[in-house]
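Trainee: Below is one structure. I have some questions about it.
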């Protein structure tokens, strides 16, 4: 029995230790304000592709409306009268023209309203998020700024200038604090920018964007932060 236990322990894959990574902290004008070390257990782990696939698949399934519906033979309008006599025609007997094999009849085994939600453990959701953030950090696609306190009036022009000064291109995910209403209104008209509250950060949105932009208030610094 002990030999079997030892064999099982040897087969189990040992993941490497988290990698230490850092990011340059900048202002909205693009000026460098120093370097900040990223939390290794969040931005430095080896991405778990199996967990990422399962969690993202469940997240996309939960977005499905599930309202598709087809009518069965009893729900199709008409067909209450027997189309022809039971005997004497030489053909098969029929009770209604709304049977599935008739044109305009009901659908056999068609889709009905249902929920596509999948139950996913919280630990898997957290691991998927850390894996996605680590993937972006390994590609140097994580950016950090001091904040949006300098903006007092929402202006899309200021948002475009800030992204240009920071050197962010492609699809950008901006993680905002609940108090960053000015930034939210400034970025919402940009097609290549997606804003999200720090409490709603998830693996799918991170992988769906080329860059992830954090502020000092939204950058996760420990596991308990997310």
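The values are calculated or read from the model by the stated rules, or taken from the named source; none is laboratory data. Because the structure is predicted, anything quoted here is derived from the model rather than measured. Glycine also receives a Cβ, built like all others from the backbone with ideal geometry; neighbour counts cover every protein chain displayed.
Trainee: Provide a single number: the residues in the range 159-173 that are under 17 Å from residue 30 (Cβ atoms) and in contact with a helix residue (DSSP H, G or I) (Cβ under 6 Å, 6 or more places away or on another chain).
Mentor: Number of matching residues: 1.
Trainee: Can I ask one more? Quick test of your reading of the structure: residue 107 fulfils all but one of (1) without any contact (Cβ under 8 Å) to a residue 12 or more places away in the chain; (2) not assigned by TED's automatic domain parsing to the domain that holds residue 132. Name the failing condition by number.
Mentor: It fails just one condition, (1).
Trainee: Considering every residue within the range 158-173, establish whether at least one is assigned to a loop (DSSP other than H, G, I, E, B), surrounded by 13 or more Cβ atoms within 10 Å (Cβ to Cβ) and in contact (Cβ under 8 Å) with a residue 40 or more places away in the chain.
Mentor: Quick first cut of the range 158-173, residues assigned to a loop (DSSP other than H, G, I, E, B) only: 167-171.
In the following step, the residues that additionally are surrounded by 13 or more Cβ atoms within 10 Å (Cβ to Cβ) were identified as 168, 171.
Now drop any that are not in contact (Cβ under 8 Å) with a residue 40 or more places away in the chain, which leaves 168, 171.
Within the range 158-173, one or more residues are assigned to a loop (DSSP other than H, G, I, E, B), surrounded by 13 or more Cβ atoms within 10 Å (Cβ to Cβ) and in contact (Cβ under 8 Å) with a residue 40 or more places away in the chain.
Trainee: Looking at 116, 102, can you tell me which residue is touching a helix residue (DSSP H, G or I) at 6+ places or on another chain (Cβ under 8 Å) and either assigned to a helix (DSSP H, G or I) or more than 28 Å from residue 216 (Cα to Cα) (or both)? Show your work before the answer.
Mentor: Working: 102 fails: touching a helix residue (DSSP H, G or I) at 6+ places or on another chain (Cβ under 8 Å).
Unique residue meeting the criteria: 116.
Trainee: Give the residues of the range 131-147 that are within 21 Å of the chain's Cα centre (by Cα) and buried (at least 18 other Cβ atoms within 10 Å of the Cβ), sorted by residue number.
Mentor: 131, 132, 133, 134, 135, 136, 137, 141, 142, 143
Trainee: Return yes when residue 60 is in contact (Cβ under 8 Å) with a residue 40 or more places away in the chain, assigned by TED's automatic domain parsing to the domain that holds residue 146, outside any loop (DSSP other than H, G, I, E, B) and farther than 24 Å from residue 115 by Cβ and no when it is not.
Mentor: It is false that residue 60 is in contact (Cβ under 8 Å) with a residue 40 or more places away in the chain, assigned by TED's automatic domain parsing to the domain that holds residue 146, outside any loop (DSSP other than H, G, I, E, B) and farther than 24 Å from residue 115 by Cβ.
Trainee: Just checking, which of 165, 183, 150 is over 30 Å from residue 70 (Cα atoms) and within 24 Å of the chain's Cα centre (by Cα)? Even if it seems obvious, please write down each step before you answer.
Mentor: Details: 165 fails: within 24 Å of the chain's Cα centre (by Cα); 150 fails: within 24 Å of the chain's Cα centre (by Cα).
Among 165, 183, 150, only 183 is over 30 Å from residue 70 (Cα atoms) and within 24 Å of the chain's Cα centre (by Cα).
Trainee: Here's something else I'd like to know. If you go through the range 79-96 one residue at a time, do you hit one that is on the phi > 0 side of the Ramachandran plot, in contact (Cβ under 8 Å) with a residue 12 or more places away in the chain and assigned to a loop (DSSP other than H, G, I, E, B)?
Mentor: yes
Trainee: Look at the range 38-65 and say how many of its residues are over 14 Å from residue 130 (Cα atoms) and either exposed (fewer than 15 other Cβ atoms within 10 Å of the Cβ) or in contact with a strand residue (DSSP E or B) (Cβ under 6 Å, 6 or more places away or on another chain) (or both).
Mentor: Total satisfying the criteria: 7.
Trainee: Is there a residue being under 18 Å from residue 21 (Cβ atoms) and assigned to a loop (DSSP other than H, G, I, E, B) anywhere in the range 140-147?
Mentor: Yes; the residues of the range 140-147 include at least one that is under 18 Å from residue 21 (Cβ atoms) and assigned to a loop (DSSP other than H, G, I, E, B).
Residue-wise test of (1) at pLDDT 95 or above; (2) under 14 Å from the mean Cα position of the chain (by Cα); (3) buried (at least 19 other Cβ atoms within 10 Å of the Cβ).
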{"residue": "179", "(1), (2), (3)": "no, no, no"}
{"residue": "193", "(1), (2), (3)": "yes, no, yes"}
{"residue": "196", "(1), (2), (3)": "yes, yes, no"}
{"residue": "204", "(1), (2), (3)": "yes, yes, no"}
{"residue": "211", "(1), (2), (3)": "yes, no, yes"}
{"residue": "217", "(1), (2), (3)": "no, no, no"}
{"residue": "223", "(1), (2), (3)": "no, no, no"}
